[in-house]
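The structure appears below as structure tokens.
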Amino acid sequence: MISTSLARRLRDAGLRWKPASGDRFQIDRPELDADVFTVSDLTIEPHEYPTGTVLGFNGTTEWALDSVAVEDALWLPREDQLRDLLRAAFTRLERDGDDYRVVLRGADGHEVVFTSVSAPEAYGLALLSMLERVTA
């Protein structure tokens, strides 16, 4: 799973989320940083309204939450979702000792490498780089 700080950086760089079953998220408040929720057809469902998407907490007794606006949630994309978002730029994932390296094909044809201690975090750093280039 990617870190909360990287998830925030991805969101701030323009990554948008359309909640689907199986997606993980946090409620973006400091006091709830340790709590990770999963969108599920039975307990937490996205509801589309003209005013935006709301995540409904169905039947959860441990929370005094009925719903939360998707803008107040922080998506924690999975490794496969991050890889899919890299699309054709993704070349390969490598192991380098204790680290993981995501290799992308740069616009000039040269390889660009992003290294981290976890594969999802390396994918996230690669995606962040792509998003930042688009917004620059």
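Numerical summary
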read-out: V68 vs. criteria surrounded by 18 or more Cβ atoms within 10 Å (Cβ to Cβ) and at pLDDT below 90; value: yes
read-out: Breaking point among (1) within 28 Å of D35 (Cα to Cα); (2) of a type in the set (A, V, I, L, M, F, W, C); (3) in contact with a Ser or Thr (Cβ under 9 Å, 6 or more places away or on another chain), for V103; value: (1)
read-out: Filter result for the condition that a residue is more than 24 Å from S5 (Cα to Cα) and assigned to a helix (DSSP H, G or I), over A122, A88, A126; value: A88
read-out: The stretch 87-108, subset surrounded by fewer than 16 Cβ atoms within 10 Å (Cβ to Cβ) and of a type in the set (A, V, I, L, M), residue modelled with the lowest pLDDT; value: A107
read-out: Pairs where the first residue, in the stretch 94-111, is assigned to a loop (DSSP other than H, G, I, E, B) and the second is surrounded by 10 or more Cβ atoms within 10 Å (Cβ to Cβ), C-beta under 6 Å, 6+ apart; value: G106/V112
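Table: residues versus (1) at negative phi; (2) out of contact with any Pro (no Cβ under 6 Å at 6 or more places or on another chain); (3) β-branched (V, I, T); (4) touching a residue at least 12 places away in the same chain (Cβ under 8 Å).
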| position | (1), (2), (3), (4) |
| --- | --- |
| R8 | yes, yes, no, yes |
| R11 | yes, yes, no, yes |
| L15 | yes, yes, no, yes |
| P19 | yes, no, no, yes |
| A34 | yes, yes, no, no |
| T43 | yes, yes, yes, yes |
| P46 | yes, no, no, yes |
| Y49 | yes, yes, no, no |
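The values are calculated or read from the model by the stated rules, or taken from the named source; none is laboratory data. Since this is a predicted model, take the numbers as computed values, not measurements. Positions of Cβ are generated from backbone atoms using ideal geometry, with glycine treated the same way; all protein chains shown enter the neighbour counts.
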